[in-house]
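Before any comments, here is the structure.
Read-outs throughout are calculated quantities, based only on the coordinates presented, and are distinct from any laboratory measurement. Worth saying up front: this structure is predicted, and the values here are computed from it rather than measured. Ideal geometry is used to build each Cβ from the backbone, glycine not excepted, and the neighbour counts take in all protein chains shown.
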Amino acid sequence: MLELKNIGVNFSGRDILKEISITFQPGEIIGLVAPNGTGKSTLMNVIMNYLRPNSGKVVFNNGLEYSSKKNEVKIHQLVSMMPDQSDLYNHLSGRQHLKIYSSMWNSNPELIDSTIKALGMESYVNKKTGTYSLGMRQRLCFAMQIVSDTQIMLMDEVMNGLDPTQVEIISQMLVKKKAEGKTIIIASHLLENLEKYADRIFFVKNGSLDLIEDIYSDLGVNGNMVIRVKEGTEQLKEKLAKAFPELSIQLLASGVTLIDFPKNEADRLESISAFLSDNDKPEFSVGKMTLGDLYSKYYH
Amino acid sequence: MRAYFKFEFIQFMFNKKNIAVYVILLFFACFYALKIAPAYDPIEKVDREEIEARFLTREDFLNNVVLDENTYPLTRFAAAIYPEWNEYDKQRLDALAAGDMKKYAEATFNWYVYSDNMIFRNGKDILYYNSRYYTAGNLYATEDGHYAYMYSASRFDGYAKGDSNLSINVFEERTALQTLQRLLHSYLPLILLISCILFAADIVLKDKKNPSLIKGFPISVWRSLLVKGGVALTGSILTVIPLAVGFVIIAIRNGIGDLNLPVPVFSYKTKAFTTISMGEYLFQNALLILFWFFMLISLLLLVSIIVKNEFANLVAGCVVVFAEYYYYVRGLGYVKDIHWYPSSYVQVGQIIAGYREYLNNSVALTLKNGLLVMAVCTVICLLLTFIISNHRRYKLL
């Protein structure tokens, strides 16, 4: 169990984290989603005690806190953070890295080989990491944390540099770890992937953690349908807003125009469709509002 | 702790700078053994021709000198002292001719005792030590000669009374163990201490290159510093491996020597030499060097966690090791409490042999005081490191 109590972090007068209070339970995967520089990594650094919060405290199993150096060691037996791939020792092999982590946390040595096999690292794990590609390094970092076998695992951008197959393999492994009762906190930008296995997903904005279910409700978009128009323009957005003033219309940075409307107003689809055809935009798609759509709306 | 030690040790052995230090030491050891050691030309050597020339000249003088009331006082003095002196030289020549090393050692002991007595006590400004002591600018040539003769007398006395196998190489201190003894008396301690500084300078701060990998380890800063210190100490001790190559080369060429060979040790208190065994001498050197390692490593750990700069570590280490060059003046110990400065014990071999007592006219520059000073400095450094690293707000990385 991991509990954050009124965590506040302030850099140069700017609130990065504001009075965050939340509890994470064993066997739970938590997703943290936010644009860069909004406090995801800061939160993880606070959990690891790499960064001392201006207010509040982090409480682990049985009331264990970062109140002394002795306690910090005890807590670091329970919680680990995935290393950054740029910090690997280039002159050591992947297996040596795994052995180091296994021995430091005194975990079951058999985990090394089983993890190597599960992640398909057999062909290169005995080579020096200096020869690895970004994806191989990322997989090794993930494997190192798995091998440490801590109760709580923090992963910042774990899927960076991985191909879709690897993303899938790691996702499956996360689900397996969750089943073993681990608490896993993941910061990721792969929203659809996160949606597959995360029990709770939080958006981080203005120093707060906002649960996506609450955001759906707050924005009044719970169960909404979305029309995505490719190659949208500012003019199209203005025209749509004029023609359908009651709808929420958004032009994303990717050039996609997003129109959302309540599910029970499906009859509107016909008029919107006709409008788009008239405006020379016959290509669009209709579907349920995804996490990506919500992200775009929330951080717009 | 064990796992962390292994982790740190692997990094230590893969560190390019550390590998370079070992390679340089290996090169130095080989170069010394193959080039410098064979060219060693001791002042107090076994030189049959020199002994014979001196003996014959004096013999001729004694055979032809006429002593009467008109004889010049110095001639009278020479005629008085040469017979016994020549007797010892004759015994040395006879022993060499017979190949009797024991007898040569006995005669040479007597020769040195008599020579020193004549030159230092009775013949100042008339008689001289070996001319090689009188080099340009050496204001202490007589004192150097006096020390060397007393040292040699003690050494040959030890050879005569001991059970070691004697040879010309032993008399000229060319065997591997004696070469090591000579090196400990000169630059070897400095080389070992500088190696230790180089090993310890980055042992803490290297982690700045891999912070996310290390920061979360379940080990406290204090314990990790202790392990790092242990690794630096192990690495410093391992310098004996490349140096041992040179030792083996010299041993093959000149013999290994004997751990029971006598090593003269001067005491300023008694103004005389006694001998200890080579084994004891080496052990005492190793002990003081080990305490030096403790002190330097604990100092560098402390500087590492305060200043967090490798260059600062090098400067701090070098200041301690080389500080003696800034204040050392021969005889200074007589007027100043230099025995409280760790840097006064850099010349480890000279401390053990009592040479520093002789140079500084001090009874305090002893192994015991050296160990005490090093231990006190180590404890202070470690105590400060403990307090700082255990402070709740302290972050190493």
**Asked** In nm, to one decimal, how far is the modelled label at B:K103 from the one at A:V175, with both set 7 Å along Cα→Cβ?
**Response** 9.9 nm
**Leading residue at positive end of dipole, the range A:221-298 (Cβ point charges), from A:I259, A:Y295, A:Q235** = A:Y295
**Asked** Can you give the charge dipole size of chain B about its Cα centre, rounded to the nearest 20 debye, using +1 on the beta carbon of Lys and Arg and -1 on the beta carbon of Asp and Glu?
**Response** 2860 debye
**Fill in**
With the convex hull built on the alpha-carbon atoms of the range A:151-221, volume per residue in Å³ sits at 105 Å³
**Request:** Would you work out which of A:T165, A:N90, A:Y124 lies farthest towards the positive end of the dipole of chain A, given +1 charges on the beta-carbon of Lys and Arg and -1 on that of Asp and Glu, about the Cα centre?
**Result:** A:N90
**Unit charges on C-beta of K, R, D, E only; dipole of the protein assembly as shown, Debye** = 940 debye
**Message:** From the phi angles alone, apply the Karplus equation (6.51, -1.76, 1.60; θ = phi - 60°) to the range B:27-40 and give each ³J(HN,Hα) in whole Hz, x where the residue is Gly or Pro.
**Reply:** 4, 4, 4, 5, 4, 5, 5, 8, 10, 7, 4, x, 8, 4
**Asked** When the Kirkwood hydrodynamic radius is evaluated over all pairs of different C-alpha atoms of the protein assembly as shown, what value in angstrom, to one decimal, is obtained?
**Response** 32.1 Å
**Prompt:** Pairs A:K127/B:K16; A:K230/A:K297; A:K117/A:K182; A:K127/B:K228; A:K205/A:K239; A:K40/B:K215: which are spaced more than 24 Å apart, C-alpha to C-alpha?
**Reply:** A:K127/B:K228; A:K205/A:K239
**Item:** the range A:221-298: mean projected area of Cα convex hull, nm²
**Value:** 4.6 nm²
**Request:** Report, by chain and number, residues whose modeled amide H sits under 5 Å from the one on A:A187, excluding near sequence neighbours (fewer than 5 apart, same chain).
**Result:** A:L32, A:M155, A:D156, A:E157, A:V158
**Asked** What number, rounded to the nearest 500 deg cm²/dmol, is the helix-based mean residue ellipticity at 222 nm of chain A, given -39500 (n - 2.57) per DSSP H run of at least four residues and division by all its residues?
**Response** -11500 deg cm²/dmol
**Prompt:** Which helices, taking whole DSSP H runs in chain A, have alpha carbons extending 20 angstrom or more along the helix axis plus mean Kyte-Doolittle at least -0.5?
**Reply:** A:134-148, A:164-179
**Item:** Given charges at beta-carbon only (K, R positive; D, E negative), |dipole| of the range B:48-173 in Debye
**Value:** 160 debye
**Asked** B:V376 to A:E195: FRET efficiency via 1/(1 + (r/R0)^6), r the Cβ-Cβ distance, R0 60 Å, to the nearest 0.05?
**Response** 0.40
**Item:** Most positive-pole-ward Cα, B:L213, B:N254, B:V227, against dipole of the range B:197-256 from beta carbon charges
**Value:** B:L213
**Item:** Within chain B, helix-based [θ] at 222 nm, where runs of 4 or more DSSP H residues each add -39,500 (n - 2.57), nearest 500
**Value:** -20500 deg cm²/dmol
**Prompt:** Between B:L62 and A:R14, what is the spin-label point distance in nm, taking each point 7 Å from the Cα along the Cα→C-beta axis?
**Reply:** 9.9 nm
**Prompt:** Using a basic spin-label model with each label point 7 Å from the Cα along Cα→Cβ, how many nm lie between B:S167 and A:L64?
**Reply:** 6.5 nm
**Message:** Show log10 I(q)/I(0) for chain A at q = 0.07, 0.10, 0.12 Å⁻¹, two decimals, from a solvent-free Debye sum over equal Cα scatterers.
**Reply:** -0.34, -0.65, -0.87
